[in-house]
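Have a look at the structure below before the remarks.
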Amino acid sequence: QVQLVESGGGLVQPGGSLRLSCAVSGRMISINTMGWYRQAPGKERELVAHITTVGRTSTSYADSVKGRFTISRDNYKNTLYLQMNSLKPEDTAVYYCNSYPRNFGSWGQGTQVTVSS
């Protein structure tokens, strides 16, 4: 059974940075396309970024975070990362990791990111 444990969230001022981590057990992220998702209050969960594994690694980002967020992974640690820079209040949400486009069938608890002055 897969376990996803997100961490690294917190309260940060606009313009600040955070680095999220997602430790995965029960699945190898090296053979799965992985994504970071977020869900803001009252909104549906949305894909923020994903990183492929087949052949040459490639990444893709939602327009709202392009140029500010960077997704990466450490296959040896089986851990996914999201470096978030130049954070904006609209980035406030609970952030989750999972496989993409089809999720593993369960979700972790997520990590709360709050951007506020």
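The values are calculated or read from the model by the stated rules, or taken from the named source; none is laboratory data. Just so it is clear, the model here is predicted, and its values are computed rather than measured. Ideal geometry is used to build each Cβ from the backbone, glycine not excepted, and the neighbour counts take in all protein chains shown. With ligands, DNA and RNA removed, areas are computed over all heavy atoms of the protein, side chains included. Shrake-Rupley method; radii C 1.70, N 1.55, O 1.52, S 1.80 Å.
Key figures
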| quantity | calculated |
| --- | --- |
| Residue match in region 78-96 (condition: more than 14 Å from residue 12 (Cβ to Cβ) and in contact with a helix residue (DSSP H, G or I) (Cβ under 7 Å, 6 or more places away or on another chain)) | yes |
| Filter result for residue 29 (under 11 Å from the mean Cα position of the chain (by Cα) and surrounded by 14 or more Cβ atoms within 10 Å (Cβ to Cβ)) | no |
| Of all residues making up region 32-57, the number that are out of contact with any Ser or Thr (no Cβ under 7 Å at 6 or more places or on another chain), under 14 Å from residue 112 (Cα atoms) and either of a type in the set (Ser, Thr, Tyr) or surrounded by 12 or more Cβ atoms within 10 Å (Cβ to Cβ) (or both) | 5 |
| Count of residues meeting criterion [outside any loop (DSSP other than H, G, I, E, B) and among the small types (Gly, Ala, Ser)] in region 59-80 | 2 |
| Positions within region 82-117 being of a type in the set (Asp, Glu) and either open to solvent by less than 30 Å² (accessible area, probe 1.4 Å) or in a loop (DSSP other than H, G, I, E, B) (or both), in sequence order | 91 |
| Top-ranked residue in region 58-81 [being open to solvent by less than 70 Å² (accessible area, probe 1.4 Å) and free of Cβ contacts under 8 Å to residues at least 12 places away in the same chain; ranked as farthest from residue 108 (Cα to Cα)] | 58 |
| Residues located in region 31-51, provided they are outside any strand (DSSP E or B) and in contact with a Phe, Trp or Tyr (Cβ under 9 Å, 6 or more places away or on another chain) | 32, 33, 45 |
